[in-house]
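Working notes for the structure below.
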Amino acid sequence: MLSRRCGGISNAAWRRIEPRTRASAVAARKLFFDGGCRPNPGPIDVAVVARGQTYLKRGIAVGTNDDAEWQALLYALDVARDLGIADPLFVGDSTLVVQQASGAWPARSANLQAHLATFGRRAEAFDRISLRHVRRSHNLAGIALERARAGLGFGGMISASPE
């Protein structure tokens, strides 16, 4: 039986891999995403954290917090593509976006349907996409976004794009 989480390696072989190697393999494809706007609705800021690097875009549009979370996931797709990650694992704290993007919940409003359709088109470029929900306190992109808003910075590790 092949394990879904490791891209075709058998479960027995997966167990034989050193735990540190397994963790680094997952970390290499993990992208944290978060978006927000202040006030709500208002200017949207998004952040993606991948491989220890923070990618930040500020004032990309005007919308609601739901729009901001979707914009963050769409930006995470772009970052994953530019980093050459074939099977990204997107980690976010928005239950709505994670559930809608994974197909568990329907997108009822027109703007959320548009975000979902865009996600579906861009997702076709990948071999496989995984989504995971985490608490806000565990979302590295959320922490990075709050630090950026507070003007605390990241020690020179802010990028506007993944190039």
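The values are calculated or read from the model by the stated rules, or taken from the named source; none is laboratory data. This structure is a prediction, so every number in the text was calculated from the model and none was measured. Here Cβ is always computed from backbone atoms with ideal geometry, including for glycine, and neighbour counts include all displayed protein chains.
Residues checked against (1) of a type in the set (Ser, Thr, Tyr); (2) modelled with pLDDT of 95 or more; (3) assigned to a helix (DSSP H, G or I):
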position	(1), (2), (3)
ARG22	no, no, yes
PHE32	no, yes, no
PRO43	no, yes, no
VAL46	no, yes, no
VAL49	no, yes, no
ASP67	no, yes, yes
LEU73	no, yes, yes
ASP82	no, yes, yes
VAL91	no, yes, no
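Just one of the listed residues (ALA141, ALA117) is within 12 Å of GLY35 (Cβ to Cβ), assigned to a helix (DSSP H, G or I) and out of contact with any Cys (no Cβ under 9 Å at 6 or more places or on another chain), and it is ALA141. For the residues ASP87, ASP45, the requirement of being touching a residue at least 24 places away in the same chain (Cβ under 8 Å) and either surrounded by 19 or more Cβ atoms within 10 Å (Cβ to Cβ) or under 26 Å from LEU152 (Cβ atoms) (or both) singles out ASP45. Scanning region 132-163 for residues that are over 13 Å from VAL49 (Cα atoms) and at pLDDT below 80 yields LEU152, GLY153, GLY155, GLY156, GLU163.
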